[in-house]
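Participant: One structure coming up, written as structure tokens, with questions to follow.
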Amino acid sequence: MKEINSIIESYDQSDPALKLALATVVYVDGSSYRRIGARMLIYENGQWLGGISGGCLEGDTLRKAKLAMIENEAQIVTYDTREEDSQEIGIGLGCNGLIDVLIYPIDRNDENNPVEKLKRITQNRKEHFLITPIINADEIDSVGKIYFKGDKDLLQSFKSSVNADEILAEIENSIQSVKYKRKSKVLNVHSKRILIEYLNPAPRIFIYGGQYDVLPLLQIVKVLGWESILISNTQKLKKELKDLPDQLIDLEQKTNFGEVDPFSIAVLMAHDFKKDKEHLKQLIELGKFGYIGLLGPRKRCNKMLKELTSEGLIIPEEVLQKIYSPIGLDTGATSPEEIAISIVAEIRSYFSKRDGRSLRFREGPIHEREGC
């Protein structure tokens, strides 16, 4: 989501007279540095933002994007690094994969402007499913256009196909699979290739605490583009901690949990048993957070839960499963900076439905194949 937000910001601040195009990775077979959904905003003056690879494909994509802008026509560019051909672009990367990149010239006044479509997903904290025809033998004009789940225009994009109802049913089935796995995929059906892209809101992290170990955690999540809310005693808080979070809430104020959702995170770092217990109770009663982490040993958390239960608090099993203590992956971290890395790594693993173990022990590819 950070890349999309950066592209939107750059687009909004750019000279409206400049021609531009959006390049998107729409298909991957084998290995690649970036996966489907990686984007790159390209300007006719040679500047770009974002990326579709580790740097080996951007130069050629820039040249092809300039041609797409001149012709005002979307195109699919295929890069195949599976063959040991020294002339093939990107072969030096050694990824051994086939990558399709959609280059879509942008008309700022066109209702199909893909950047304007992307803006819509940043206006609320919901899961979004983007449907992009990559290959459509019946309606070539629909290639590259972005549709949302439920768009009336989606049916029109397949109006010439005798299998339109079947195609739409396949799209709906794929959306359900994508929603469960939280992972984009490519659908191949009736001479059509369709990207079903899953996009969730940026993580929002509520951090309770004000000690020096909060600083590196705030710094890391800022780099990642996560939204941060620090809940602390603002009277005792150092200036560097006041300036970093997107929102600062004093402990004496009533915390605004109005927009808490399954992609919201709470981390308790007060180093005070009574305060952490009080905050944990609030979080359990609310029951909306996707992840709750507590700093400190497991017995400390168990003691809190035991006391809260004895005081009459009912803790649903589904909420209990979201509580992680000790927080963080087992990396041997000792310094505040190392601990912050282990915390963020665990949160990332949790929302990706991965176990966080070393990749050398993973059987099969790092990323599951996106195709059906």
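We did not get these values from a lab; they are worked out from the coordinates using the rules stated. This is a predicted model, so every value here is computed, not measured. Cβ coordinates were reconstructed from backbone atoms using ideal geometry, including for glycine residues, and neighbour counts include every protein chain displayed.
Participant: Projected onto the charge dipole of the chain (+1 at Lys/Arg Cβ, -1 at Asp/Glu Cβ, origin at the Cα centre), which of LEU305, THR331, ILE167 gives the Cα projection farthest towards the positive end?
Facilitator: Final value for the positive-end residue is LEU305.
Participant: In addition: Given 0.36 nm per residue, what is the gain on full extension from LEU359 to GLU317 after removing their alpha carbon distance, in nm?
Facilitator: 12.1 nm
Participant: Determine, from the Cβ-Cβ distance of SER14 and ASP110 and an R0 of 22 Å, the FRET efficiency 1/(1 + (r/R0)^6), rounded to the nearest 0.05.
Facilitator: 0.85
Participant: May I ask you to sort SER335, SER325, SER349 by Cβ crowding, counting other Cβ atoms within 10 Å and putting the fewest first?
Facilitator: In increasing order of surrounding Cβ atoms, one gets SER335, SER349, SER325.
Participant: Just rank PHE206, PHE361, PHE273, fewest to most, by other beta-carbon atoms within 10 angstrom.
Facilitator: Fewest-to-most ranking of PHE206, PHE361, PHE273: PHE361, PHE273, PHE206.
Participant: In addition: In nm, give the distance between the simple-model label positions of PHE351 and GLU285, each being 7 Å from the Cα along the Cα-to-Cβ direction.
Facilitator: 2.7 nm
Participant: Order by neighbour count: VAL319, VAL115, VAL214, fewest other Cβ atoms within 10 Å first, most last.
Facilitator: Starting with the residue having the fewest Cβ neighbours, the order is VAL319, VAL115, VAL214.
Participant: Still on this structure, I have one more. Based on the mean of other Cβ atoms within 10 Å per residue, sort peptides 59-72, 237-250 so the most packed one is first.
Facilitator: Taking the mean over residues of other Cβ atoms within 10 Å, the ranking is 59-72, 237-250.
Participant: Additional query: Please list, ordered by chain and number, the residues whose modelled amide H lies under 5 Å from the amide H of GLY30; skip anything fewer than 5 residues away on the same chain.
Facilitator: It is LEU98, by chain and number.
Participant: Once you've got the Cα coordinates, tell me which of LYS183/LYS299; LYS275/LYS299; LYS119/LYS222; LYS149/LYS192 are over 27 Å apart.
Facilitator: In this structure, LYS183/LYS299 exceed 27 Å between Cα atoms.
Participant: How many angstrom lie between the C-alpha centres of the range 1-25 and the range 306-352?
Facilitator: First find each Cα centre; the distance between them is then 37 Å.
Participant: Helix-only mean residue ellipticity at 222 nm, the chain, DSSP H runs n ≥ 4 weighted -39,500 (n - 2.57), per residue, nearest 500. What is it?
Facilitator: Using -39500 (n - 2.57) per qualifying helix, the result is -9500 deg cm²/dmol.
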